[in-house]
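Student: Starting off with a structure, shown below.
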Amino acid sequence: MSEQETALPRLELLIAAPRGFCAGVDRAIVIVERALRKYGAPVYVRHEIVHNKYVVDDLRAKGAIFVEELDAVPDGVPVVFSAHGVPKAVPAKAEARGLDYVDATCPLVSKVHRQAERQVEAGRHILFIGHKGHPEVVGTFGQVPEGEMSLIETEEDARTITPADPGNLAYLTQTTLSVDDTAAIIAILEERFPAIVAPKGEDICYATSNRQAAVKAMAKDCDAVIVIGAPNSSNSMRLVECAEREGTKAMLIQRGGDIDFGWLEEVKTLGLTAGASAPEVLVREVVDALSERFTVQEREVETARENISFKLPRGLEAA
C-alpha cells in the first residue's frame with residue numbers, strides 16, 4: 001500500500017444490485033443504434049430516448065438528432081419514438097407525412113397503454129396515478145379519448161376526486177413511481193371506491209421495484225447514499241426518496257465530477273446506486289472519483305437478479 005493510500009481516509013462503499021440499465025432502456029438505446037446502422041445518419045429521435053445526458057450525448061455523437069416535437073423532423077428522414085411512449089396522434093401524424101418511424105416505447109409502458117384502451121372500451125373512467133407532464137403520462141393519456149382519464153398525483157388527490165360515476169372506475173399507474181407512495185394512494189382509492197378495477201398485474205415495472213428494494217436494503221447500513229441519474233428521471237428521483245425514507249441522507253448526481261465532497265464529511269459508509277437509464281460506465285466513473293479522495297472498499301449488496309430482455313421491432317433485428 002502506497003503512502004498516499006495510507007494517508008487517505010477509508011470509505012466503505014456499498015453498491016446496490018440491481019442498478020442501472022433496465023431491459024426497456026437497453027432496448028431503446030439499441031433501437032437508435034440499429035436505426036443509425038440501417039438508415040444512416042441522421043436519425044431523428046422525438047424526446048430524449050431515455051432520461052440520461054451521457055446516453056443522449058453518446059447517441060448524438062453517432063448521428064442521432066433529438067427534437068421535442070414531430071414538426072421538427074424534416075420530411076424523408078427516419079424518426080424514433082422514445083422509451084416513455086407517445087400519444088396515438090404522434091405515429092398517426094408520422095404516417096400521414098410518410099415518415100419511416102420506429103417505436104422504442106418500453107413494452108411495459110405499452111402494456112399500460114393497452115390496459116387503458118381496454119378499460120375505456122369497457123366503459124370505465126380511469127384514475128391514472130402519475131406525475132403531471134412526465135412524457136410517460138402524456139403518452140398514456142394520449143391512448144384514449146380526452147376526458148376518459150383523470151390524473152391522481154397525491155394522496156390528497158385520491159381523497160378529494162369526485163368522479164361522475166364512482167361505481168364504474170379503474171386505476172392504472174405510471175411505471176416509475178415510488179412503490180410505497182403508490183400503495184398509499186391505491187389504498188385510499190380502494191377504500192373510497194370499493195368497485196374500482198385494478199390493473200392486471202403490477203403497473204410499476206420490475207426494474208423500478210427492484211432498484212427501490214435494493215436501496216432500502218442498503219440504506220439502513222449507510223451514512224449517506226448517492227444516486228446516479230438525471231433530475232428529470234422519475235425512477236432516479238424515487239431512489240433518492242427511498243433512501244431518505246429509510247432515514248439516510250441522499251444525493252442525486254449525473255457524473256463523477258458532480259460529487260460534493262463536503263457533503264461526504266463524516267461519512268464512513270456510502271451507498272451507491274444508479275437509476276434505470278444510467279449506464280454502468282458512470283458507476284465506475286463515480287467510484288474512480290471517490291478513489292481519488294478515499295481508500296475505497298467496495299462491496300456489492302444484491303437483493304435480486306434480473307434476466308429480462310425484450311425483442312427489437314421487426315426490421316431492426318438484422319441491422
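Student: Scan region 36-45 and give yes if some residue there is surrounded by fewer than 22 Cβ atoms within 10 Å (Cβ to Cβ), within 27 Å of Ser309 (Cβ to Cβ), basic (Lys, Arg) and touching a Leu at 6+ places or on another chain (Cβ under 8 Å), otherwise no.
Tutor: yes
Student: Out of everything in region 129-149 that is assigned to a loop (DSSP other than H, G, I, E, B) and touching a His at 6+ places or on another chain (Cβ under 8 Å), what residue ends up being nearest to Ser233 (Cα to Cα)?
Tutor: Among those residues, the one meeting the criterion is His134.
Student: Please enumerate the residues belonging to region 23-35 that are in contact with an Asp or Glu (Cβ under 9 Å, 6 or more places away or on another chain) and surrounded by fewer than 20 Cβ atoms within 10 Å (Cβ to Cβ).
Tutor: If the condition is that a residue be in contact with an Asp or Glu (Cβ under 9 Å, 6 or more places away or on another chain) and surrounded by fewer than 20 Cβ atoms within 10 Å (Cβ to Cβ), then Ala23 is the only one that fits.
Student: Oh, and also: Sort out which residues of region 268-281 are surrounded by fewer than 18 Cβ atoms within 10 Å (Cβ to Cβ) and in a loop (DSSP other than H, G, I, E, B), and write them in order of number.
Tutor: Result: Lys268, single match.
Student: Which ones in region 122-147 are among the hydrophobic types (A, V, I, L, M, F, W, C) and crowded, with 18+ Cβ neighbours inside 10 Å?
Tutor: Correct list: Ile126, Leu127, Phe128, Ile129, Val137, Phe141, Val144.
Student: Also, quick follow-up: Tally the residues that are touching a helix residue (DSSP H, G or I) at 6+ places or on another chain (Cβ under 9 Å) and either within 25 Å of Lys311 (Cα to Cα) or polar (S, T, N, Q) (or both), restricting the search to region 94-125.
Tutor: 15
Student: Another question, then. Given the residues Val287, Val267, which is the only one that is touching a Cys at 6+ places or on another chain (Cβ under 9 Å) and either under 17 Å from Ile31 (Cα atoms) or not hydroxyl-bearing (Ser, Thr, Tyr) (or both)?
Tutor: Answer to the selection: Val267.
Student: Among the helices (runs of 4 or more DSSP H) lying completely within region 165-263, list those that include at least 3 residues that are surrounded by fewer than 16 Cβ atoms within 10 Å (Cβ to Cβ).
Tutor: 179-192
Read-outs: derived from the displayed coordinates by stated rules, not from any lab. Remember, it's a predicted structure, so these values are computed and weren't measured experimentally. Here the Cβ is made from the backbone with ideal geometry for all residues, glycine too, and neighbour counts use every protein chain on show.
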